[in-house]
Amino acid sequence: MTSDTTSTAPPPPKSVLAVNLHDRAGIGTRMTYVLARLIAKQGYRIWPLNDPGIRALALFDAVIGRLPRLPGVAYSVTELGAVPVEEYRPATPAQDGLAGATVLYLHGGGFTFCGAGTHRRVASRMAQTLAVPVYSVLYRQLPHGGVGSAVHDAYTAYRALLERCPDPGKVVLAGDSSGGFLAAKTCELAAADGLPAPAALIGYSPHVDLDADRRDHETIGHDALMPVSAYRRAKRKWARGPVAPRGARSMLEVDPAVFPPAFLTAARREMFEADILDFTRLLADAGRIVETHIWRGQVHAFPVLDALLPESREAMRLTGVFLRNKVFGATS
């Protein structure tokens, strides 16, 4: 295994848990990092984010979606509250503390691109690793709707899942990047509306603050994948309808009491790292259960790259350990 926890970063003030720093990166990881900087990041700089350009990005999701699926996981398309979702079910259901649990997964993509195709592998791996059903939400994105529409669809799917799943007290919200924002936002809205809280929050490089670009440019400019200029171009379109945004723009402004036990990951020096560390401090200082892992040499939301990187699969394994040991009380 090419990634392991070799040191522990200094804990934030009053922190209940330390932030785990993973130092090692294999050759495949280093190559992925370099290619991301040289090709993907430069492509993001020049790609047109007008409506035709955004629609063209959907072809990327369609192509990736043709890759072989993870064996041993059943796949189907269904709906949750009229919101389309893809359902993944493991061949053998969990027999430990995760038995009866269900995951609602919210993919990333800056509210602009990516979808079921790009995230089919990570959703399948999560179903296989946790041995529970995973529902991947196909929420509206630009140009069909901005952040408000995406939040509406994610929250609608969550409410519908509470009625369908075997145990509403064992629903786990998970997401990467912008999907991490939607997962955390769903926690905020559920608390405001008096709905059952999720059992846990899983965030892979979660987009904690919609104004992440206000951070020091020298810091956020080191991200291997996302140029600040592309982030700002997309951000200008996030307020688009048809559904108006609701609640806080930043999860750092939300009462930490609304958040369940949280498992978070980030790449060292990515654009969202500082916000994720601040979110970790917010939860820890409030006495919430939070476990955060920072990986050196990785790209933003690297757990999604399950087919490519052993560190992605290691992050998923640690997700299962966290849920079994710190949320559902079973032995890993």
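Select from the range 32-89 the residues that are open to solvent by less than 90 Å² (accessible area, probe 1.4 Å), of a type in the set (A, V, I, L, M) and in a loop (DSSP other than H, G, I, E, B) and write down the one among them that is nearest to GLU270 (Cα to Cα).
Here the residue is LEU49.
Is there a residue being open to solvent by less than 80 Å² (accessible area, probe 1.4 Å), within 30 Å of ILE220 (Cβ to Cβ) and among the polar types (S, T, N, Q) anywhere in the range 24-31?
Initially, the range 24-31 is screened for residues open to solvent by less than 80 Å² (accessible area, probe 1.4 Å), giving 25-26, 28-29.
When the remaining residues are screened for being within 30 Å of ILE220 (Cβ to Cβ), the result is 25-26, 28-29.
Okay, now just the ones that are also among the polar types (S, T, N, Q), so 29.
Scanning the range 24-31 turns up at least one residue that is open to solvent by less than 80 Å² (accessible area, probe 1.4 Å), within 30 Å of ILE220 (Cβ to Cβ) and among the polar types (S, T, N, Q).
Looking only at residues that are of a type in the set (Asp, Glu) and assigned to a helix (DSSP H, G or I) in the range 258-280, which one is nearest to VAL327 (Cα to Cα)?
Of the range 258-280, the ones of a type in the set (Asp, Glu) are 270, 273, 275, 278.
Subsequent filtering for residues that are assigned to a helix (DSSP H, G or I) retains 273, 275, 278.
On the way: GLU273: 24, ASP275: 24, ASP278: 22 Å.
Checked the range 258-280; the qualifying residue nearest to VAL327 (Cα to Cα) is ASP278.
Out of the residues in the range 299-314 that are in a helix (DSSP H, G or I) and not basic (Lys, Arg), which is nearest to ALA36 (Cα to Cα)? Reasoning before the result, please.
Here is the first cut: in the range 299-314, the residues in a helix (DSSP H, G or I) are 302-304, 310-314.
Okay, now just the ones that are also not basic (Lys, Arg), so 302-304, 310-312, 314.
On the way: PHE302: 11, PRO303: 15, VAL304: 14, PRO310: 17, GLU311: 16, SER312: 16, GLU314: 20 Å.
Step by step, filter the range 299-314, then rank; the result is PHE302.
Go through (1) open to solvent by 30 Å² or more (accessible area, probe 1.4 Å); (2) over 28 Å from PHE322 (Cβ atoms) for PRO93 and report which single condition fails.
Against the list (1) open to solvent by 30 Å² or more (accessible area, probe 1.4 Å); (2) over 28 Å from PHE322 (Cβ atoms), PRO93 comes up short only on (2).
Among the residues of the range 141-162, is there at least one that is modelled with pLDDT of 95 or more and under 22 Å from ARG66 (Cβ atoms)?
yes
Check HIS222, HIS207 and return the single one that is within 18 Å of the chain's Cα centre (by Cα) and within 30 Å of ARG37 (Cα to Cα).
Working: HIS222 fails: within 18 Å of the chain's Cα centre (by Cα).
Selected residue: HIS207, the only one of HIS222, HIS207 that is within 18 Å of the chain's Cα centre (by Cα) and within 30 Å of ARG37 (Cα to Cα).
Answer with yes or no whether GLY169 is open to solvent by 30 Å² or more (accessible area, probe 1.4 Å), over 12 Å from VAL258 (Cα atoms) and at pLDDT 95 or above.
Numbers: open to solvent by 30 Å² or more (accessible area, probe 1.4 Å): yes; over 12 Å from VAL258 (Cα atoms): yes; at pLDDT 95 or above: yes.
The answer is yes for GLY169.
Here is a yes/no grid of residues against (1) assigned to a helix (DSSP H, G or I); (2) modelled with pLDDT of 95 or more; (3) open to solvent by 10 Å² or more (accessible area, probe 1.4 Å):
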| residue | (1), (2), (3) |
| --- | --- |
| LEU282 | yes, yes, yes |
| ARG288 | no, yes, yes |
| MET316 | yes, yes, no |
| THR319 | yes, yes, no |
| ARG324 | yes, yes, yes |
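Just to verify a result, which residue in the range 233-242, among those that are farther than 13 Å from HIS207 by Cβ and part of a loop (DSSP other than H, G, I, E, B), is most open to solvent (accessible area, probe 1.4 Å)? Break it down into steps so the answer makes sense when it comes.
Kept after step one, since they are farther than 13 Å from HIS207 by Cβ, are these residues of the range 233-242: 233, 236-237, 239-242.
Within this subset, residues satisfying the condition of being part of a loop (DSSP other than H, G, I, E, B) are 236-237, 239-242.
Numbers: ARG236: 174, LYS237: 54, ALA239: 80, ARG240: 79, GLY241: 33, PRO242: 98 Å².
Selected residue: ARG236.
ASP223 fails exactly one of the following numbered conditions: (1) surrounded by 20 or more Cβ atoms within 10 Å (Cβ to Cβ); (2) at pLDDT 95 or above. What is the number of that condition?
(2)
I'd like the residue in the range 186-215 that is charged (D, E, K, R) and closer than 29 Å to MET31 by Cβ and, out of all such residues, is surrounded by the fewest Cβ atoms within 10 Å (Cβ to Cβ). So that I can check it myself, show each step before the final result.
From the range 186-215, those charged (D, E, K, R) are 188, 193, 209, 211, 213-215; that's our starting set.
Filter once more, so that each one left must be closer than 29 Å to MET31 by Cβ: 213, 215.
Numbers: ASP213: 15, ARG215: 18.
Once the filter is applied, the top-ranked residue is ASP213.
Using beta carbons and a limit of 9 Å, which pairs, at least six apart or on different chains, have the first residue in the range 68-83 and on the phi > 0 side of the Ramachandran plot and the second one acidic (Asp, Glu)?
Partner pairs satisfying both residue conditions: GLY81/ASP153; GLY81/GLU163.
Inside the range 248-257, can you point out the residues that are open to solvent by 60 Å² or more (accessible area, probe 1.4 Å) and in a loop (DSSP other than H, G, I, E, B)?
Passing the criteria: ARG249, ASP255.
If you check TYR158 against the conditions, is it crowded, with 24+ Cβ neighbours inside 10 Å, in a helix (DSSP H, G or I) and not aliphatic (A, V, I, L, M)?
Numbers: crowded, with 24+ Cβ neighbours inside 10 Å: yes; in a helix (DSSP H, G or I): yes; not aliphatic (A, V, I, L, M): yes.
When the stated conditions are applied, TYR158 passes them.
Within the range 36-65, which residues are over 25 Å from LYS237 (Cα atoms) and over 22 Å from the mean Cα position of the chain (by Cα)?
LEU38
Looking at the structure I just gave you, is ALA230 modelled with pLDDT under 95 and not in a loop (DSSP other than H, G, I, E, B)?
On the way: modelled with pLDDT under 95: yes; not in a loop (DSSP other than H, G, I, E, B): yes.
For ALA230, the condition - modelled with pLDDT under 95 and not in a loop (DSSP other than H, G, I, E, B) - is met.
What tally of residues in the range 290-309 results from selecting those that are modelled with pLDDT under 95, over 18 Å from ARG24 (Cβ atoms) and open to solvent by less than 10 Å² (accessible area, probe 1.4 Å)?
1
Output the number of residues of the range 270-323 satisfying the condition of being without any contact (Cβ under 8 Å) to a residue 60 or more places away in the chain and touching a Lys or Arg at 6+ places or on another chain (Cβ under 7 Å).
1
The values are calculated or read from the model by the stated rules, or taken from the named source; none is laboratory data. This is a predicted model, so every value here is computed, not measured. All Cβ positions, glycine included, derive from the backbone under ideal geometry; neighbour counts span all protein chains shown. Heads up: the accessible areas ignore ligands, DNA and RNA and are worked out on the full protein's heavy atoms, side chains in. Shrake-Rupley method; radii C 1.70, N 1.55, O 1.52, S 1.80 Å.
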